[in-house]
Amino acid sequence: MSSAFTTWAHRMTIEYLTVAATRYSESMLAQLRSGQTPGITGMASSFRDLAGCGTLEITATEDGDGYLLNGPIRWASNLYADALLVTGARTDKGDKIIVALPLAAGGIKVGKSFSLLALGSTASLFLSLTNVRIGTEQVLTRDFDAFLTSVRPTFMVLQTAMCLGLARTCLANARASLVGVNSVFTTEVESMVGKMALVNVAMMKAAHSVGGLVPATRAELLAMRLAAAEVATGAATLEAKTAGGKGYASSSGTSRRYREAAFIPVQSPSESQLRWELASCGQ
C-alpha cells in the first residue's frame with residue numbers, strides 16, 4: 001500500500017495544480033506528470049477547516065509582493081528534496097489561500113525520521129515552516145472553499161480505490177484459506193466480498209460524475225470513503241484469522257497488510273472526521 005499511498009499523494013498534487021490553472025501551476029505540471037518532481041499534499045488541515053472541525057495551522061503574513069509562511073504540517077508524505085508541496089494558509093487579513101512551494105525552499109524543516117507500523121517507504125514526516133517566503137504567483141487560489149469542494153471528489157475516489165485495492169487482496173487470500181476449520185469463516189468472508197462490491201459500485205458512480213453536471217454529494221462521498229475504510233480493515237482482519245500462525249510472522253504479507261490497514265482509520269480524513277462530518281450532513 002506504500003505505492004498506492006504515495007501515488008495518491010502525487011496524483012492529488014497534480015489535481016490541485018490542474019484545477020488552479022495558474023501560470024505557476026501550469027509551469028510545474030509537466031515535471032509532476034512525468035514523475036521528475038514528486039508531489040506533496042499537505043492539505044489535511046485545509047479539509048478539516050472546510051468541514052468546520054479544525055483550523056488552518058499555517059499563517060501567511062504579507063511581505064512585499066509575497067507572503068511569509070509559518071506553522072506546522074503535522075503529516076506529509078513524498079518528502080524528497082526536489083518535491084513540490086501544496087498546502088493551505090490563513091493570511092494576516094483572515095483570508096484563506098492555497099499555495100504551492102518547493103520543499104527545498106528556505107525555512108522548511110523536515111522532522112526527524114521515526115518508525116511506522118507500516119508504510120515506512122512513503123517518506124512521511126512532520127514539517128515546520130519558519131518565515132518561508134513565497135511570491136504571489138505561488139498562490140494557487142484565494143477561493144478556498146470552492147477550490148477544496150471541486151477537488152474533494154477526486155480526493156475521495158482515489159482514497160477509496162486505495163482502500164479497495166487492499167481489501168481485494170486480503171479477501172482473495174482469505175477465500176483461498178477457507179478449508180478445514182477455516183470454513184467457519186465462509187459466511188463472513190462472502191459478506192465482506194458483497195460489501196466491497198457495493199463500495200466499488202459507489203466509487204465507480206462517483207468517479208464517472210467528477211466534472212459532470214450532477215456531482216456526487218458531500219454525504220455520498222463521505223459515506224463511500226467510510227465504507228471503504230471499514231471494508232479494508234474488516235478484510236485485513238479476516239485474512240489474519242484465516243492465515244493461521246504463518247500470518248503472525250512480521251515478514252508475511254498477511255501481517256504487512258494487517259498493519260497497513262491499521263493506518264486507514266487515521267489517514268486524513270480520519271474515521272472520526274468522516275463520522276463527524278456525516279453526522280453534520282444530517283443536521
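Based on the Kirkwood radius over alpha-carbon pairs, what value in µm²/s does the Stokes-Einstein equation return for the translational diffusion coefficient of the chain at 4 °C and 1.567 mPa s? Taking Rh from Cα pairs, D becomes 65 µm²/s.
Compared with the dominant principal axis of the Cα atoms in the chain, helix 23-33 is inclined by about 30°. Its relative contact order, with pairs defined as Cα atoms under 8 Å and 6+ residues apart, puts segment 149-258 at 39 percent. A straight chain from residue 74 to residue 250 at 0.36 nm per residue would run longer than the Cα-Cα distance by 60.6 nm. Look at the alpha carbon pairs under 8 Å that are at least 6 residues apart: their mean separation over the length of the chain gives a relative contact order of 17 percent. Other residues whose C-beta falls under 15 angstrom from the C-beta of residue 251 contribute a net charge of +3, scoring Lys and Arg +1 and Asp and Glu -1.
Between residue 36 and residue 3, the contour length at 0.36 nm per residue exceeds the Cα-Cα span by 10.2 nm. Segment 102-159 and segment 10-58 have Cα centres spaced 7 Å apart. By the helix-only formula, in which each DSSP H run with n ≥ 4 contributes -39500 (n - 2.57) and the sum is divided by residues, the chain has a 222 nm mean residue ellipticity of -17000 deg cm²/dmol. Taking the Cα centre of the chain as reference, the dipole from Cβ charges on Lys and Arg (+1) and Asp and Glu (-1) amounts to some 740 debye.
Ordering 255, 183, 46 from the fewest to the most neighbouring beta carbons within 10 Å gives 183, 255, 46. Straight Cα distances below 21 angstrom link residue 195 to the lysines 205, 241, with same-chain residues fewer than 8 positions distant left out.
Applying 1/(1 + (r/R0)^6) with r as the Cβ-Cβ distance of residue 190 and residue 29 and R0 = 41 angstrom yields a FRET efficiency of 0.40. Footprinting exposure proxy ranking of 79, 213, 117, fewest other C-beta atoms within 10 angstrom first, gives 213, 117, 79. Judged by the ratio a/c of the largest to the smallest principal axis of the C-alpha gyration tensor, segment 26-162 counts as rounded, that ratio being less than 1.5. Segment residue 22..residue 113, full-extension length gain: 29.3 nm, with 0.36 nm per residue of separation and the alpha-carbon distance subtracted. Its residue count N fixes a reference of 2.2 N^0.38 Å for segment 154-234, and the Cα radius of gyration divided by that reference is 1.23.
Where a number appears in this text, it was derived from the coordinates with a stated rule and is not lab data. Computed from a predicted structure; not experimentally measured. In this analysis, Cβ positions are derived from the backbone assuming ideal geometry, glycine residues included, and neighbour counts consider all displayed protein chains.
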